[in-house]
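What follows draws every value from the coordinates through simple rules; no lab data is involved. Predicted, not measured: the structure shown is a model, and the values here were computed from it. Every residue, glycine among them, receives a Cβ derived from its backbone with ideal geometry; neighbour counts consider all protein chains shown.
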Amino acid sequence: MTVAIALSALAGMAVGLRFTVLMSTPVILAAMGACAAIALHNGADVGALLGTVALSGLAVQVGYFCGSFAPLLAKPAPVPQEETRASHAGSYRFVSE
């Protein structure tokens, strides 16, 4: 069950990186359904089934939260002033009248 919950968190991160909040609802339902199917296949009792489904929904939401803030952590490296001046040195246009 741990692997299924971890995959739910990864699915939430992938959705958080690319899509809006409206897309998280189908992913939560799909993850809950997949975890319920895995738990039923393994012969889990009702308490374990409900716990797995609840944890998978929570994992998708936590993964979405982390994935939606991940682009804010990756800042581009600052460019030194010498490089910007050198790249603009030959970019002057001559206007003929």
Of everything in segment 22-33 that's in contact with a helix residue (DSSP H, G or I) (Cβ under 7 Å, 6 or more places away or on another chain) and small (Gly, Ala, Ser), which residue is nearest to Ser68 (Cα to Cα)?
Ser24
Tally up the residues in segment 16-67 that are closer than 12 Å to Ala4 by Cα and among the polar types (S, T, N, Q), please.
2
